[in-house]
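Notes follow the structure.
Read-outs throughout are calculated quantities, based only on the coordinates presented, and are distinct from any laboratory measurement. These numbers come from a predicted model, not from an experiment. Cβ placement follows ideal geometry from the backbone for every residue including glycine, while neighbour counts extend to all protein chains displayed.
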Amino acid sequence: MRATRFFISTLKEAPADAEIVSHKLMMRAGMIKRLGSGIYNYMPMGLRIIRKVENIIREEMNRAGAIEMLMPVVQPAELWQETGRWDKMGPELMRVKDRHGRDYIIQPTSEEAITDVVRTEIRSYRQLPVNFYHIQTKFRDERRPRFGLMRGREFTMKDAYSFDRDVEGLKKSYQIMYDAYTRIFERFGLQFRAVAADNGAIGGSGSHEFHVIADTGEDALVYCPSSDYAANMEAAEAVALSTERAPAGAALTKTATPGKAKCEDVAELLGIPLQTTVKSIVLAVDTEKGAEVWLLLLRGDHELNEVKASKVAGLANYRFATEAEIVEHFGSKPGYLGPVGTVKPVKVVADRTVVNMADFVCGANETDYHYTGTNWGRDLPEPEVADLRNVVAGDPSPDGKGVLAIQRGIEVGHVFQLGTRYSDDMKATFLDENGKPQVLQMGCYGIGVTRILGAAIEQNFDDKGIIWPTAIAPFEVVICPMGMDRSEAVKTETEALYQALLTAGVDVILDDRGERPGAMFADWELIGVPHRVVIGDRGLKEGKLEYLGRRDAEASNVPVAEMLAFIQSKLAGK
């Protein structure tokens, strides 16, 4: 590719609405152009990267035995009504009507569409297992689109769906996809981590998220450096920090704590460790008989994990209690609440760590007062126990093989064991060996294709611009000739190297725009091409060309005759 026959449109400054590094750099590098809120044109430079991402995904999906097809962006509402998601999903589901008044959706995902295909095409166990995938435009009507391709409304996604005859088959298909995803992200050249995750709104029984590691990531990833344990914060198990409860050593005492509504302030006032306090969180569940109030107890320095709370039996549809409900049940406003002496009965659930605490401090259900010396059994009945909190760095690993660490990541892929979540609702069955109908077991597997671009940049950039891994760079190599229009020697060697690289199958661009060296170099550093060759009269007089890797601090001088082999070795990772 010659630069004069391509489209290069760089900016010195990012638009004012660009918020994070990847958004700013993609806009400046001319890879995307904003068309509307959360909607972008993918410009030629950006589209080249997207196509390379897609090609790697396609190759590994095919290698794993998945079969490519293409499902429509617009889908009939009837399918989504069958599974209940027409009503369950909020305004992020874009609903539209055609000219006849019929309801449709602009698909955010395709579980319903693929299940409809399979229930009409798969008849017998002999046709199983099968895995279909497509790479298609998706749309989610985000309330506040931001961060460029990281949280846009329209995006490209690869989603795959496996169908098996039983749970064991599903697990095998799931592992095949997990392994394929690992190969995909390794080929991208990105640092990533696969972590156990919660299935959330998709449903199902088990899942893993694939995250690109980046300090700017929105998600907290929990892992054990000395073992294979890894999970996202929502799913990371928090073990009890003490294995047994000490005997009571203090009397239950109502203690004045004027104006101290937070555990941190109470601990400071009383001169005690924050870890000896217990915080109260009041939830409510609406029933036909009215609101059912629950009290969740965590150690003062811990934070509630709302996903874990929703897993407690009876709390699937919880909300936070209103102040009126709190006063009605505790006789006090928030800040001084506790499990001792509630006005009305409440359901108490203690975190695993709290249940093993002794002589702890909690609210006295009276403004400006807390109880000290509180103990289970003596002052309170034994509570229901659950894992309720977010883990913190240094907690014991659940597998017993070390302590936990936390790093930031950007979710770019997710694999789910759906089970019969959709096949039940849509009556997707097959006939087994005995001619009896059985419900299909499903898995689904997604990768955010366009999101990969933003995540890759958040992991790979410097003050000059983007640093693309070679596998997904818009071009592998850029040739920058100095005065090619004025020097026959430069022109001759430039054309020779350019043709040699093309013949060798290298994805190379020749910058023949005639730009000044500073402007030319700045463009390619911003765009992030990983390998640069500079050809000038001075070097040619010494029989040398200049090579600079995008991460290199200094350039290398390479003999003219050796440059092709040198570049090939760099591309091979040598």
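Shown in residue order for the range 520-534 are the 3J(HN,Hα) couplings computed by the Karplus curve 6.51 cos²θ - 1.76 cosθ + 1.60 at θ = phi - 60°: 5, 4, 4, 4, 6, 5, 5, 5, x, 4, x, 10, 10, 10, 10 Hz (x for Gly and Pro). Lysine pair count for the range 264-375 with Cα-Cα distance under 16 Å and sequence separation of 8 or more or different chains is 6. For the chain, the longest principal axis of the Cα atoms and the long axis of helix 449-459 meet at an angle of about 90 degrees. The modelled label-to-label distance for the pair residue 144/residue 489, using points 7 Å beyond Cα in the direction of Cβ, is 6.0 nm. Applied to the range 421-431, the Karplus parametrisation 6.51 cos²θ - 1.76 cosθ + 1.60 on θ = phi - 60° returns per-residue 3J(HN,Hα) values of 3, 9, 5, 5, 4, 9, 6, 8, 10, 9, 9 Hz, with x for Gly and Pro. For residue 343 and residue 264, a Förster radius of 25 Å and the Cβ-Cβ distance give a FRET efficiency of 0.40, rounded to the nearest 0.05. Along its first, second and third principal axes, ordered by size, the range 253-386 spans 44, 28, 26 Å in Cα coordinates.
Structural descriptor for the range 149-233: relative contact order 19 percent, calculated from alpha carbon pairs under 8 angstrom and at least 6 residues apart. Considering only 162, 222, 252, and ranking their Cα positions along the charge dipole of the range 156-279 that arises from unit charges at the beta-carbon of Lys, Arg, Asp and Glu, the one farthest toward the positive end is 252.
Test of understanding: what is the full-extension gain from residue 242 to residue 78, defined as 0.36 nm times their sequence separation minus their Cα-Cα distance? Net length gain for the segment: 53.8 nm.
The calculated FRET efficiency for the pair residue 541 and residue 572, based on their C-beta separation and a Förster distance of 45 Å, comes to about 0.90. Sorting 106, 447 by the number of Cβ atoms found within 10 Å of their own Cβ, with the fewest placed first, yields 106, 447. Extension gain, residue 403 to residue 4, is 138.1 nm, computed as 0.36 nm per intervening residue step minus the present C-alpha separation. Under 18 Å from a label point set 7 Å out along the Cα-to-Cβ vector of residue 252, the amide N atoms of the range 312-332 belong to 330-332.
Amide H to amide H, with H built 1.01 Å from N, residue 365 comes under 5 Å of 337, 338, counting only residues 5 or more places away or on other chains.
Descending by average beta-carbon neighbour count within 10 Å, the peptides 463-475, 38-50, 409-421 line up as 409-421, 463-475, 38-50, the highest first.
When the alpha carbon coordinates of the range 184-317 are projected onto the principal axes, the ranges are 62, 44, 31 Å, largest first.
Cα convex hull, the range 1-58: 103 Å³ per residue, rounded to a whole number. Under a straight-distance cross-link criterion of Cα-Cα below 23 Å, which lysines are reachable from residue 158, leaving out those fewer than 8 residues away in the same chain? Candidates past the 8-residue exclusion: 33, 52, 138, 171, 172.
Going by alpha carbons, how many degrees (0 to 90, nearest 10) lie between the helix axis of 111-121 and the longest principal axis of the chain? Once rounded, the angle reads 80 degrees.
Compared with the dominant Cα axis of the chain, that is its longest principal axis, helix 167-188 is turned about 50°. Working from the Cα coordinates of the chain, the gyration tensor eigenvalues give, after taking √(5λ), semi-axes of 53, 33, 22 Å in decreasing order. Basic side chains Lys and Arg get +1 at the Cβ, acidic Asp and Glu get -1 at the Cβ, and with that the dipole of the chain about its Cα centre reaches some 1120 debye.
Stretching residue 94 away from residue 171 to a fully extended chain increases their span by 24.4 nm, per 0.36 nm per residue minus the current alpha-carbon distance.
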